[in-house]
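First up is the structure itself, then whatever we jot down about it.
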Amino acid sequence: MVKDMQTLVTFAKTHGFVFQWSEIYGWLANAWDYGPVGILLKENIKNLWIREFVQKRQDMVLLDSAILMNPQVWVASGHVGGFSDPLIDDRNTKERFRADKLLEALIEEMALRTEWRDALLGYFQEKYGVVNLVPESWPLEQQTAVMRWESVKNPITGEPGDWTDAKKFNLMFRTFQGVTEDSSSTIYLRPETAQGIFVNFQNVVRSTSQKVPFGVAQIGKSFRNEITPGNFIFRTREFEQMEMEYFCEPESIAPGKHREVHTYWKNFCKNFLMDVIGIGESSLRMRDHEPEELSHYSAGTTDIEYRFPFWWGELWGIADRTDFDLKAHMGESKQDLSYFDPYTNQKFIPYVIEPAVGLTRLFLATLLSAYDEVETEEGNRVVLRFAPRVAPIKVAILPLVKKFAPEAQALYTKLAPHFMCEYSETGTIGKRYHRMDAIGVPFSIAVEPENYEQWQVTIRHRDSGEQEIVAIDNLVAWVQGRIV
């Protein structure tokens, strides 16, 4: 396990997973680049999501909507008027933070003390008048009061802050379209990919054979002007989402059906994390949102949370959005976005269940889950124990000695069309094995004369260290059978 996030940040940079953006210019806070190994891991996660959520299903299609959309989209969705976070400044340092996140950290710290565990809610109710332990739902005045009277620390300095009043701050990035820079040319970088699906609902229905219930899935960049107190790539201003809107019968047509669909997708998403990505169940938990915490569009939301080194954090949100979005866009656009069921001759506005996961957060959870430190005589070394299907590089090809490089290169040429491979001839074979372990390569092939002359190679298994002799003619099938 990773002891702290800084250990992971250093490891990720050293081994080509994640780099600090613009580092040679002093970098930019909360912006990251994905290195040669990291981009492969990210693409593998994407492709597995598409395989399980779209390719294997008859009731799902893909979409790729634009980042820049008509600004009225964000008026209808409620983002222009209400997409904001509570921010608070420390007068001592002039730094700005999300008040609700600092308060969450305070509550978690207090909950760790045995004497606080049962009485925590009562303490905050009596002293501050709050009705729950979800700071995001507290009025700004209560957030400010707790920040000040509990002497909440500045996470950068570690000292109690001199806190201003908490205020709301809209998270959308604004820019201008065309040559003028005034309110008439204002547009926004999208803060979520979901709205691109809703405004294309009728296009999808008309152009496909899908009938309700069905879903539309999308992977794409989103942008939020977050004020982030660190935690690596957990919360960034530019990130990728893997979202899906699943359209089903509304309450008026099929009472309770949308709640059944909501439960189905909660279980489906958790099983994907465990069975496909390989995250252990002990690192996951389900958390239902409190009524005061629910978004304006939600009749019920469940988060799948992951146990990050800094605490439990949202990984995947599964929301029952009812018919809010389609109705909102109908009202703003004056276009009919209802659905006609050809089997029942009924016309209705579908309800929507939305499983939405941040790709960058899932990348982080996958990396953390795979990270393992092994004690050796030379000291600890890192092994990334990715499930083979997830591993960025599937096979390493290592000539035992340099003079056997031509044969190893020929083997690389044979395997590379089928899998991502790594070739290395520098250093002892032991050190090369360890280097491949550190980037999570599940299978390393040692190419040496005795076996090769018999048209065979020796394959080392990353997790067990065991070796196996495999015929070269069977190599492609051998690897394919272990990375499904």
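The values are calculated or read from the model by the stated rules, or taken from the named source; none is laboratory data. As the structure is a prediction and not an experimental result, all values here were calculated from the model. All Cβ positions, glycine included, derive from the backbone under ideal geometry; neighbour counts span all protein chains shown.
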- [ ] Read through the list (1) of a type in the set (Val, Ile, Thr); (2) part of a strand (DSSP E or B); (3) more than 30 Å from PRO86 (Cβ to Cβ), then give the number of the only condition that THR302 fails.
- [x] (3)
TODO: All but one of (1) in contact with a Ser or Thr (Cβ under 6 Å, 6 or more places away or on another chain); (2) buried (at least 16 other Cβ atoms within 10 Å of the Cβ) hold for ASP325, so report the exception by its number.
DONE: (1)
- [ ] Kindly list the number of the only condition in (1) in contact with a helix residue (DSSP H, G or I) (Cβ under 7 Å, 6 or more places away or on another chain); (2) modelled with pLDDT under 90; (3) of a type outside the set (Phe, Trp, Tyr); (4) outside any helix (DSSP H, G or I) that fails for ASP118.
- [x] (1)
- [ ] Test each condition in (1) farther than 25 Å from LEU189 by Cβ; (2) in a helix (DSSP H, G or I) for VAL130 and report the one that comes out false.
- [x] (2)
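To keep it simple, each residue is scored yes or no on (1) modelled with pLDDT under 95; (2) assigned to a helix (DSSP H, G or I).
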site	(1), (2)
GLY313	yes, no
ASP320	no, no
LEU364	no, yes
GLU373	yes, no
Open item on the list: All but one of (1) buried (at least 19 other Cβ atoms within 10 Å of the Cβ); (2) closer than 30 Å to THR7 by Cβ hold for TRP163; state the number of the condition that does not hold.
Closed with: (2)
Open item on the list: Of the conditions (1) in a strand (DSSP E or B); (2) in contact with a strand residue (DSSP E or B) (Cβ under 6 Å, 6 or more places away or on another chain), ARG307 satisfies every one except a single condition; which number is it?
Closed with: (2)
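Take THR180 and tell me if it is surrounded by fewer than 18 Cβ atoms within 10 Å (Cβ to Cβ), of a type in the set (Val, Ile, Thr) and at pLDDT below 95.
On the way: surrounded by fewer than 18 Cβ atoms within 10 Å (Cβ to Cβ): yes; of a type in the set (Val, Ile, Thr): yes; at pLDDT below 95: yes.
Taking the combined requirement at face value, the residue satisfies it.
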TODO: Select from region 290-308 the residues that are over 16 Å from the mean Cα position of the chain (by Cα), buried (at least 18 other Cβ atoms within 10 Å of the Cβ) and in contact (Cβ under 8 Å) with a residue 60 or more places away in the chain and list them in ascending order.
DONE: TYR297
Open item on the list: Please list, ordered by residue number, the helices (runs of 4 or more DSSP H) wholly in region 1-110 having 3 or more residues that are in contact with a helix residue (DSSP H, G or I) (Cβ under 7 Å, 6 or more places away or on another chain).
Closed with: 36-50, 72-77
- [ ] Quick one: which residue in VAL199, VAL152, VAL131 is touching a Gly at 6+ places or on another chain (Cβ under 9 Å) and either buried (at least 16 other Cβ atoms within 10 Å of the Cβ) or not basic (Lys, Arg) (or both)?
- [x] VAL152
TODO: Look at region 439-470 and say how many of its residues are within 23 Å of PRO36 (Cα to Cα) and surrounded by fewer than 18 Cβ atoms within 10 Å (Cβ to Cβ).
DONE: 2
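Scan region 412-429 for residues that are in a loop (DSSP other than H, G, I, E, B) and among the hydrophobic types (A, V, I, L, M, F, W, C) and jot them down.
In the first step, residues of region 412-429 are kept if they are in a loop (DSSP other than H, G, I, E, B); the result is 416-420, 424-428.
Of everything in region 412-429, those that are in a loop (DSSP other than H, G, I, E, B) and among the hydrophobic types (A, V, I, L, M, F, W, C) turn out to be ALA416, PHE419, MET420.
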